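Enquirer: Sharing a structure, written as C-alpha cells. Questions coming.
The values are calculated or read from the model by the stated rules, or taken from the named source; none is laboratory data. The shown structure was predicted, so the numbers you read here are calculated from the model rather than taken from an experiment. Here the Cβ positions follow ideal geometry from the backbone for every residue, glycine too, while neighbour counts run over all protein chains shown.
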Amino acid sequence: MLRSLFAVLLFGLVAGCDKLASQLQLPLPDATRTSVSTGPMLLTPMPFKEVPGWRAGRHSAALPALLRSCERLRRQPPDQAMGPLSEMGRISDWVKVCDDAAVIRPGNDTEAQYFFESRFLAYALSQGGSRNGLITGYYEPELNGAWKSDGRFRFPLYSLPKDLISADLGSFDDQWQGDQIAGKLEGNRFVPYFSRADIEAGALAGRQLEILWTDNEIDAFFMHIQGTGRVRLPDGTHVRLGYAGRNGRRYTAVGRELVAAGVMRLKDVTMPAIRAWMEQNPVAGQALMKKNQSFVFFRVLKGDGPLGAQGVVLTPGRSLAVDRRYVPLGAPVWLATTVPGSKPARPLRRLLIAQDTGSAIKGVVRADLFWGHGREAGTMAGIMKQRGQMYMLLPRAAGEKKAGS
C-alpha cells in the first residue's frame, strides 16, 4: 500500500510537470533526531536543505549504482544489522528502500530527489570534532602482461592462496562490523600471513598461484593499491583482474615514507610524483615498495567490471570506497569536496554509493572516489588529494523506529 502511494505521488504529481513539481513542497514525515556516535564516529542529523549543493545535484545519476548494490543486499539475511548503529537499520529496511528505488524513471532528477529525501535521513559525519577529511581517487589501471613468464614479463600477479584464512569479525558480533582479520594456521596457532617482502622473496613459489606476469614492477605495485586492473596481452586482447583478498598485513602509504625521509613535501605527494621517483631511483624504489607489507591477490573477472568489495560493478564517478567500520557498503553518501587540480578550486558535490573498500581508506571522513578506466581517469585519480565532507544517507524508517522507541 505504501509503495503504491509512493508511486502515485511520484507519477501523479511529479511526472505531470517538472517545473511545478520542483516548486511543490511535498510533506515529508520527520523524526526527532539527536546526534549519535560509535567509537570515533559522530553522526549529526542534517536537513537536506543544509547539505551543501544538495538541491543542485543530479540525483538520478546515482540510482543505477544504488540498484546494483540493492541486488547484493537482497541476498543477505533480512534481520542482519547494516552497521553498528540502530540508525543504520537492518537489511530488511534497506530492501524496502530498494523496492521504491526501482520505480524511479531513469534520468528523472525530480523524482530521484524526492525519493532520496522521502526515504532517507541525512547525517553529517565527523571524527575528533572535525567534519573535514581526506578524499582521494582511484581508477582501473592498464598493464602489459602475458600468460607465461619470459625475459620481459617477469613480475607475477597471484591468485588467492588456499592457506590464507580471512574472517569477517562482524559476523561474530555487530560491534565489529567492517573489521576483518587474515592469516594462516601453523599447527593450532593462527599467525600472520607472508608479508610483501616474503612473497617477493619466493614464499609462494612452486604453488602454481601465478595468474600472469607483467613487464613492470612499479605498475604491478600500483595495481595492488588500486585493487583491480586490466592487463593487455601481446595479441592485443585484455584480461580484467579483480580483488580476491589480501594478506592481512598493515598497509603503509609509501608517500608518507618519502615525506618522513625528507624526499618529498607532503603537499607534493601524488601518485604520478611517487611513480616518477621510483623510476628515477629503482633500487631505493624497490626498498620503498617493500615497506608496504600489505599484498593483494587477484582473480580473473568475466563480463563487466571492475568489481568493488561489495561484489558489484563499480560506476565511474558514482562509486565510493569507504572504511566499512563506519560506512556500510550500499549506503548513499553525499560528497562535498573540490575538483582535483582546479585553480581556483571548483566544487565537486555529488551523490555516490559506498561500494568498495581499500587498505589505505581508514577513518570516518575518509573516502576514495572511483574515476573509471583510462589515462584521463588515472590522471584525475592520481592527483586527487582534497579536503572534503561526507553526509551519509540512512533509511528514514530506521531513524523513526529509534525516535519512537
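Enquirer: Considering the range 200-220 alone, what residues qualify as being within 17 Å of Asn292 (Cβ to Cβ) and free of Cβ contacts under 8 Å to residues at least 24 places away in the same chain?
Expert: Once the filter is applied, which keeps residues that are within 17 Å of Asn292 (Cβ to Cβ) and free of Cβ contacts under 8 Å to residues at least 24 places away in the same chain, the range 200-220 yields Ala201, Ala203.
Enquirer: Working carefully through the options Gly107, Gly89, Gly57, find the one that is within 25 Å of Leu314 (Cβ to Cβ), surrounded by 22 or more Cβ atoms within 10 Å (Cβ to Cβ) and either out of contact with any Phe, Trp or Tyr (no Cβ under 7 Å at 6 or more places or on another chain) or free of Cβ contacts under 8 Å to residues at least 40 places away in the same chain (or both).
Expert: Result: Gly89 is the single residue among Gly107, Gly89, Gly57 that is within 25 Å of Leu314 (Cβ to Cβ), surrounded by 22 or more Cβ atoms within 10 Å (Cβ to Cβ) and either out of contact with any Phe, Trp or Tyr (no Cβ under 7 Å at 6 or more places or on another chain) or free of Cβ contacts under 8 Å to residues at least 40 places away in the same chain (or both).
Enquirer: Let me ask something additional. Any residue at all in the range 309-325 that is out of contact with any Lys or Arg (no Cβ under 9 Å at 6 or more places or on another chain), surrounded by fewer than 20 Cβ atoms within 10 Å (Cβ to Cβ) and farther than 20 Å from Gly382 by Cα?
Expert: Within the range 309-325, none of the residues are out of contact with any Lys or Arg (no Cβ under 9 Å at 6 or more places or on another chain), surrounded by fewer than 20 Cβ atoms within 10 Å (Cβ to Cβ) and farther than 20 Å from Gly382 by Cα.
Enquirer: Please enumerate the residues belonging to the range 124-139 that are buried (at least 19 other Cβ atoms within 10 Å of the Cβ) and either over 13 Å from Ala336 (Cα atoms) or among the polar types (S, T, N, Q) (or both).
Expert: Selection gives Ser126, Thr136, Gly137, Tyr138, Tyr139.
Enquirer: Taking into account only those residues within the range 150-179 that are modelled with pLDDT under 85 and in contact with a Lys or Arg (Cβ under 9 Å, 6 or more places away or on another chain), which is surrounded by the most Cβ atoms within 10 Å (Cβ to Cβ)?
Expert: Filtering the range 150-179 for residues that are modelled with pLDDT under 85 and in contact with a Lys or Arg (Cβ under 9 Å, 6 or more places away or on another chain), the one surrounded by the most Cβ atoms within 10 Å (Cβ to Cβ) comes out as Gln177.
Enquirer: Condition test on Asp304, is it among the charged types (D, E, K, R), touching a residue at least 40 places away in the same chain (Cβ under 8 Å) and closer than 30 Å to Leu212 by Cα?
Expert: Against the criterion (among the charged types (D, E, K, R), touching a residue at least 40 places away in the same chain (Cβ under 8 Å) and closer than 30 Å to Leu212 by Cα), Asp304 does not qualify.
Enquirer: Count, please, the residues in the range 234-243 that happen to be more than 15 Å from the chain's Cα centre (by Cα) and either under 13 Å from Val300 (Cα atoms) or crowded, with 22+ Cβ neighbours inside 10 Å (or both).
Expert: Qualifying residue count for the region: 4.
Enquirer: For the range 358-376, give me each residue that is at pLDDT 90 or above and touching a strand residue (DSSP E or B) at 6+ places or on another chain (Cβ under 9 Å).
Expert: Listed by number, the residues that qualify are Ile361, Gly363, Val364, Val365, Arg366, Ala367, Asp368, Leu369, Phe370, Trp371, Gly372.
Enquirer: Related question: Could you list, in sequence order, all residues of the range 262-319 that are over 26 Å from Leu204 (Cβ atoms) and in a strand (DSSP E or B)?
Expert: Listed by number, the residues that qualify are Val313, Ser319.
Enquirer: Got at least one residue in the range 396-403 being surrounded by fewer than 24 Cβ atoms within 10 Å (Cβ to Cβ) and in contact with a strand residue (DSSP E or B) (Cβ under 7 Å, 6 or more places away or on another chain)?
Expert: Yes, there is a match, as at least one residue in the range 396-403 is surrounded by fewer than 24 Cβ atoms within 10 Å (Cβ to Cβ) and in contact with a strand residue (DSSP E or B) (Cβ under 7 Å, 6 or more places away or on another chain).
Enquirer: Mind checking whether some residue in the range 240-248 is in contact with a Phe, Trp or Tyr (Cβ under 7 Å, 6 or more places away or on another chain), in a helix (DSSP H, G or I) and under 24 Å from Ser166 (Cβ atoms)?
Expert: No; the residues of the range 240-248 include none that is in contact with a Phe, Trp or Tyr (Cβ under 7 Å, 6 or more places away or on another chain), in a helix (DSSP H, G or I) and under 24 Å from Ser166 (Cβ atoms).
Enquirer: Which condition from (1) of a type in the set (S, T, N, Q); (2) farther than 30 Å from Ala56 by Cα; (3) touching a residue at least 12 places away in the same chain (Cβ under 8 Å) is the one that Ser118 breaks?
Expert: (2)
Enquirer: Right, next: Quick check on the range 293-308: of everything there that is farther than 25 Å from Thr270 by Cα and of a type in the set (A, V, I, L, M), which residue is surrounded by the fewest Cβ atoms within 10 Å (Cβ to Cβ)?
Expert: Per the criteria, the residue is Val300.
Enquirer: Within the range 181-233, which residues are surrounded by 17 or more Cβ atoms within 10 Å (Cβ to Cβ), small (Gly, Ala, Ser) and in a loop (DSSP other than H, G, I, E, B)?
Expert: Within the range 181-233, Ser195, Gly227 qualify.
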